[in-house]
1. Going through region 428-448 one residue at a time, which ones are within 15 Å of the ligand (Cβ to nearest atom), of a type outside the set (A, V, I, L, M) and open to solvent by less than 10 Å² (accessible area, probe 1.4 Å)?
2. Please work out which residue is farthest from GLY34 (Cα to Cα), limiting yourself to region 1-17 and to residues that are at pLDDT below 90 and open to solvent by 90 Å² or more (accessible area, probe 1.4 Å).
3. Out of the residues in region 449-462 that are more than 16 Å from the ligand (Cβ to nearest atom) and part of a helix (DSSP H, G or I), which is surrounded by the fewest Cβ atoms within 10 Å (Cβ to Cβ)?
4. Which residue out of GLY425, GLY391 is within 13 Å of the ligand (Cβ to nearest atom) and of a type outside the set (A, V, I, L, M)?
5. For region 31-85, give me each residue that is open to solvent by 20 Å² or more (accessible area, probe 1.4 Å), in contact with a strand residue (DSSP E or B) (Cβ under 9 Å, 6 or more places away or on another chain), assigned to a helix (DSSP H, G or I) and not acidic (Asp, Glu).
6. In this structure, does ARG319 turn out to be within 16 Å of the ligand (Cβ to nearest atom), farther than 14 Å from MET438 by Cβ, within 47 Å of the chain's Cα centre (by Cα) and surrounded by fewer than 19 Cβ atoms within 10 Å (Cβ to Cβ)?
7. Do you know which residues across region 231-282 are hydroxyl-bearing (Ser, Thr, Tyr) and under 30 Å from ARG385 (Cα atoms)?
8. In region 18-30, how many are assigned to a helix (DSSP H, G or I), of a type in the set (Val, Ile, Thr) and either surrounded by 13 or more Cβ atoms within 10 Å (Cβ to Cβ) or modelled with pLDDT of 90 or more (or both)?
Amino acid sequence: MADLAHLVLQTLDKGPISDTAVTFPDVETGVVHGALNSLAARSMVTYKPIDIEFWTLTPEAEEIVEKGSHEFRLLEEVTKSMEGLKLADVTKVLGAAGKPGQSRAFKNGWIKKDGDKLVSNVSALPEDTTAKDLKTIKETGTLGDAKELGELRKRKLIEKGKKLSYSVEKGPEFALEIKKLETDLTPEMIASGSWKTQTFKPYNFDAEGAVTASGALHPLNKVREEFRQIFFAMGFSEMPTNQFVESGFWNFDTLFVPQQHPARDLQDTFYIKDPVKADEPEDKTYWENIHKVHEEGAYGSIGYRYPWNAEESLRLVLRTHTTAVSSRMLHKLAADPKPARFFSIDRVFRNEAVDATHLAEFHQIEGVIADYDLTLGDLIGFMDRFFTRMGVDKLRFKPAYNPYTEPSMEIFAWHAGLNKWIEIGNSGMFRPEMLESMGLPKDLRVHGFGLSLERPTMIKYKLSNIRELVGHKVNLDFIETNPAVRLDETLV
Ligand code: PHE
């Protein structure tokens, strides 16, 4: 390339180059461009791309260049035999070239018919101009005679092609030698004064800078942020969820989950070894209310009628749902009952078999709404508005069971991509056993719902395995480069 650059300079010294493809026919266009670029960067040349049109021969024309035109070959055959060429023998002698050769030779007035034979109509063999013109085109890519060019094209003997080439002129710094450009001004140059005569490489302000290393938000964080903004826009305030360890009391008992419930089994819940026990709840009246509503019933409920164990409620667990936090918040609200909207998005833990879509820990999105005389219709209406903000407009609800809500509903959304209903969450109206134990007034109803954060995130980022999202197999490049998410487009 350096040699090509010198060659360009030497050629330019004699005059501008109008077409590099002609001047350097054996060098690839890309290589020529590279050399011109580096010379242009030093302002030694200026260059412009030009589109060169040229003509190429079709296979039929190649054959003509080699053997002569069909009409000429026919005339040769006719002249060869004294008695002329039998019409019936034309194809035999010339093959596929016979018929078109015959009609052209007639047109040119080269032959005439004599009975069932063709005989010559010229005194001497004329020039085979077709073959000659095609040869010129093969060598130079074009022909001076535009009419003939058009004719050959019509006969499908030539095709138009295009190639990229450049015209080049001297630039302001033109010279025959390529000086090494200095990239740095050094203390030595200043001390010796050599900087005065040095040529410096100009700054390239168009060059892209190196990507600086920086932190990146995890996709779960991005989707969480989108959900947070939706909650804030709908008048919710965020619950404090920084406590992963809860007592059985807050995680289960306050939610009217009986102490024998399978969810409280070791197989489902992680219990803490050290310390094993929580302090007793500060609100002793509330503690006693919970005891009573489980064991004997209260507030119109007959309860579960089993001996409630205080020790069991003090066992420490990794919270299995953020509803433990909602319960704490509603208990606080009972001190000054009024309409309220709370949400949280944080981590929960379940002792579950790990598979492609489940881990032993995940994130829950949870919302609770407290207001006077709320109905199930309000909950359904709210769900519709909440999910519409995420582009999900088709919802279905299916009766379900939770110990702390009645009625309870699973939430299904229509997934246009998968063409089916998928389960996206769980919801319900909190039971009086739970709310009235806290001291909330009877007519202050509360409904709530819970979704997983992983599910919409996996759908958004088109992941099929949770291990691509969390854990040691996650591709850091994916984390660093994944785009932000807008839930108002479509969630599912
Ligand atoms: N806690 C429920 C779950 O784990 C979700 C839920 C929250 C249901 C609030 C009803 C009310 O799925």
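The values are calculated or read from the model by the stated rules, or taken from the named source; none is laboratory data. Model, not experiment: these values are computed from the prediction. For neighbour counting, all protein chains shown are included, and Cβ atoms are generated from backbone atoms with ideal geometry for every residue, glycine included. The area values use the complete protein model at the heavy-atom level, side chains included, leaving out ligands, DNA and RNA. Shrake-Rupley method; radii C 1.70, N 1.55, O 1.52, S 1.80 Å.
1. GLY428, HIS447, GLY448
2. Of the residues in region 1-17, the ones at pLDDT below 90 are 1-3.
Of the ones still in play, those that are also open to solvent by 90 Å² or more (accessible area, probe 1.4 Å) are 1, 3.
Values: MET1: 8, ASP3: 12 Å.
Checking each candidate, the answer is ASP3.
3. Looking only at region 449-462, we keep the residues that are more than 16 Å from the ligand (Cβ to nearest atom), and these are 457-462.
If we keep only those that are part of a helix (DSSP H, G or I) as well, we get 457-460.
Working: THR457: 24, MET458: 21, ILE459: 19, LYS460: 22.
Across region 449-462, the extreme among qualifying residues is ILE459.
4. Details: GLY391 fails: within 13 Å of the ligand (Cβ to nearest atom).
Only one candidate qualifies: GLY425.
5. Those that are open to solvent by 20 Å² or more (accessible area, probe 1.4 Å), in contact with a strand residue (DSSP E or B) (Cβ under 9 Å, 6 or more places away or on another chain), assigned to a helix (DSSP H, G or I) and not acidic (Asp, Glu): HIS33, ASN37, ALA40, VAL65, THR79.
6. Numbers: within 16 Å of the ligand (Cβ to nearest atom): yes; farther than 14 Å from MET438 by Cβ: yes; within 47 Å of the chain's Cα centre (by Cα): yes; surrounded by fewer than 19 Cβ atoms within 10 Å (Cβ to Cβ): no.
Judged against the criteria, ARG319 is not a match.
7. Applying the first criterion (hydroxyl-bearing (Ser, Thr, Tyr)) to region 231-282 yields 237, 241, 247, 254, 269, 271.
Answer for region 231-282, where residues must be hydroxyl-bearing (Ser, Thr, Tyr) and under 30 Å from ARG385 (Cα atoms): SER237, THR241, THR254.
8. Within region 18-30, the subset assigned to a helix (DSSP H, G or I) is 20-23, 29-30.
This time we only want the ones that are of a type in the set (Val, Ile, Thr), so: 20, 22-23, 29.
Now drop any that are not either surrounded by 13 or more Cβ atoms within 10 Å (Cβ to Cβ) or modelled with pLDDT of 90 or more (or both), which leaves 20, 23, 29.
Total meeting the criteria: 3.
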